Amino acid sequence: MLSTAAEEDPEGGRRRDPNNGGETTTATTPDLRWRSWIIPIVVIANVVVFIVVMYFNDCPHKSHHCLAKFLGRFSFESFKSNPLLGPSSSTLEKMGALAWGKIVHKRQVWRLFTCMWLHAGVIHLLANMCCVAFIGVRLEQQFGFVRVGTIYLVSGFCGSILSCLFLQNAISVGASSALFGLLGAMLSELLINWTTYDNKGVALVMLLVIVGVNLGLGTLPPVDNFAHIGGFLGGFLLGFLLLIHPQFEWEENRVSLMPGTIVKPKYNTCQLVLCIIASIVFVAGFTSGLVILFRGDNLNRYCKWCHKLSYSSKSQWT
């Protein structure tokens, strides 16, 4: 079973608008300053990559047990080989799936990145892309393609690293690590901009429930939950750095420019402290993760119960 995001706006609180006399506006209709284009490109790219993978999979010429044979070389592997209507595990591995042995021993570092563009099947692809579009478009419209695109790519990379540190006898593919990065960024955005929201408790509870349910589903087969956790943590820390809002008083003073106006700091002390802590933790975690990975170490040696956080099998879909 695949993890999916609930179709609810996790930021259900209300945000004060300094340009509207301090009145509140619902977070479901935020101030959209950018047109979303990077997320649609991401969705299209994932679909194109899946078609290319199916072309090279060419099931009819490699197996006698294929589904939807009328599709020719785009037909699917049997349900026994892949219940998600997609290619074989061997094809995914050749095309860039996450594989610890190839990354550590053969130095194929590019797999940490390419795995997030591969999907195990049509069902897997649709589930991930619907969630990415639902969450990502809203974030991009509010914060722009540079920040959201950075969070998507870097958090996906973080998910790949954590997955390799715990799952070393399986291959893994999927965009869920990047998707969970967006969810983590939404949570940190709510926390670092806490004073700008009304109904803070409702918004926080809704978002935590969505994340908790998805992480819970990640323990079911054959989902790579470590990629989810790594992506979420990466996005959560990056959100503090990239999704911070200036104080309303600073924006009002900048617009008014009235003589004698007391200039407020752009960010309050709490926001700055959270940024500094997030920066330190992210750099330390990212660097140490890479070092441990290329040393070939297995974190299961130090955490005897961590394997329970994710289902273990030959193939992992994220």
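Key figures
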quantity: Number of positions in the stretch 56-71 that are assigned to a helix (DSSP H, G or I), touching a residue at least 12 places away in the same chain (Cβ under 8 Å) and surrounded by fewer than 13 Cβ atoms within 10 Å (Cβ to Cβ); calculated: 2
quantity: Residue count for the stretch 278-302, restricted to those that are among the hydrophobic types (A, V, I, L, M, F, W, C) and free of Cβ contacts under 8 Å to residues at least 24 places away in the same chain; calculated: 4
quantity: Pairs, first surrounded by fewer than 16 Cβ atoms within 10 Å (Cβ to Cβ) in the stretch 100-127, second part of a helix (DSSP H, G or I), C-beta under 7 Å, six or more apart; calculated: Gln108/Lys102; Val109/Ile103; Phe113/Phe157
quantity: Matching residues, the stretch 136-160, being surrounded by 24 or more Cβ atoms within 10 Å (Cβ to Cβ) and within 18 Å of Asp224 (Cβ to Cβ); calculated: Tyr152, Ser155, Gly156, Cys158, Gly159, Ser160
quantity: Only one of Ile244, Ile280, Ile262 that is outside any helix (DSSP H, G or I) and modelled with pLDDT of 85 or more; calculated: Ile244
quantity: Selected residue (criterion: farthest from Val291 (Cα to Cα)) from residues of the stretch 74-128 that are of a type outside the set (A, V, I, L, M), part of a helix (DSSP H, G or I) and in contact with a strand residue (DSSP E or B) (Cβ under 6 Å, 6 or more places away or on another chain); calculated: His124
quantity: Residues that are under 30 Å from Tyr302 (Cβ atoms), at pLDDT 90 or above and part of a loop (DSSP other than H, G, I, E, B), drawn from the stretch 129-181; calculated: Gly174, Ala175
quantity: Residue within the stretch 30-52 that is at pLDDT 85 or above, over 26 Å from Ala185 (Cβ atoms) and either surrounded by 12 or more Cβ atoms within 10 Å (Cβ to Cβ) or of a type in the set (A, V, I, L, M, F, W, C) (or both) present; calculated: yes
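The values are calculated or read from the model by the stated rules, or taken from the named source; none is laboratory data. The model shown is predicted, which means the values in this text are computed figures rather than measured ones. No Cβ is skipped: glycine too gets one built from the backbone with ideal geometry, and neighbour counts run over all protein chains shown.
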